[in-house]
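See structure below.
The values are calculated or read from the model by the stated rules, or taken from the named source; none is laboratory data. Note that the coordinates shown come from a computational prediction; the quantities given were computed from them, not determined experimentally. Positions of Cβ are generated from backbone atoms using ideal geometry, with glycine treated the same way; all protein chains shown enter the neighbour counts. To get the accessible areas, we keep the full protein, side chains included, count just its heavy atoms, and leave off ligands, DNA and RNA. Shrake-Rupley method; radii C 1.70, N 1.55, O 1.52, S 1.80 Å.
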Amino acid sequence: MALCGLPEFTLLLLPLLARLSAGDCLCSEAALCQPIRHRPDFEVFVFDVGQKTWKSYDWSQITTVAAFGKYDPELMCYAHSKGARVVLKGDVSLKNIIDPTFRASWIAQKVDLAKAQYMDGINIDIEQEVNCSSPEYEALTALVKETTECFHREIEGSQVTFDVAWSPKRIDKRCYNYTGIADACDFLFVMSYDEQSQIWSECIAAANAPYNQTLTGYIDYIKMGISPKKLVMGVPWYGYDYICLNLSKDPAGRFHQVWYDNPQSISLKAAYVKNYGLRGIGMWNANCLDYSDDALAREQTQEMWGALKPRL
């Protein structure tokens, strides 16, 4: 049992439970249940939401998989065989984390879960409103700091990351201590998509992640004092299909605007990642592509994965 942040008298009462024995490992080799310790110079951070499409991913690139679907031990074993980390999803109500005891308990549960599933860390995905003067503002930074300290102590080589909006300018009323959070964890995954607010903007056809606007977000994060090496660019592997509601002579709604990123636009963003020394690139989410045996689908899927490689 992880004991991070619990009072000293509690430590005396609770026995230390070691990582599950090799006999509990479901991989073909016990070594595959060991945590990944290598820290790559360049991250390719993949979100996976379940099922078995991961078998068709480009594992020559992947460094981390954030498992947001049902736990799949086969995925864990395979990722470890390729030297890639698999990390938990971490989400919690901000009103609860004001209480230090609750934070300690939540962190301990996540560490124990990661150990039991032979995982390599956690991706904290909290996309909730925070007022700058609220107790949640400081509590969120404390949560990230304490989570990182506990995971690093309990699981050798573990990774703790935090998802942030495409810009630090209080997107969807999220006033976060971005510099404090960046300092507290291994790196930030910047969600450079849904750049039209999904909460406050009108639903009008427009680009999901326009190139110039996307880059202004990174410029703003770096101006705050956050190192580019603490930033992983997230790109969208999905798009939006808008029915043209007010187009004359089209009562049946047959005219649409469709906005999405393709290999060309992603390649431009990958070039920025390389040229400005960001920590890496990733996507939401890898399951979105067509991994069928259709020849055109295979070609397009390969192009999307290939676009992640920064051009020299």
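Right, Q213: closer than 21 Å to A67 by Cα and among the polar types (S, T, N, Q) or not? So Q213 does not fit the description; no. If the condition is being surrounded by fewer than 21 Cβ atoms within 10 Å (Cβ to Cβ) and in a loop (DSSP other than H, G, I, E, B), then region 102-119 contributes only Q117.
Scanning region 70-101 for residues that are open to solvent by 30 Å² or more (accessible area, probe 1.4 Å), within 23 Å of T148 (Cα to Cα) and not in a strand (DSSP E or B) yields Y71, G83, D91, S93, K95, N96, I98, D99, P100, T101. Exactly one residue out of E129, E149, E195 is acidic (D, E), over 17 Å from V65 (Cα atoms) and in contact with a Lys or Arg (Cβ under 6 Å, 6 or more places away or on another chain), and it is E129. Answer with yes or no whether Y137 is more than 30 Å from A270 (Cα to Cα), open to solvent by less than 20 Å² (accessible area, probe 1.4 Å) and aromatic (F, W, Y). Answer is no for this residue.
Taking the criterion of being at pLDDT 95 or above and among the β-branched types (V, I, T), the residues of region 9-62 that qualify are I36, V44, V46, V49, T53, I62.
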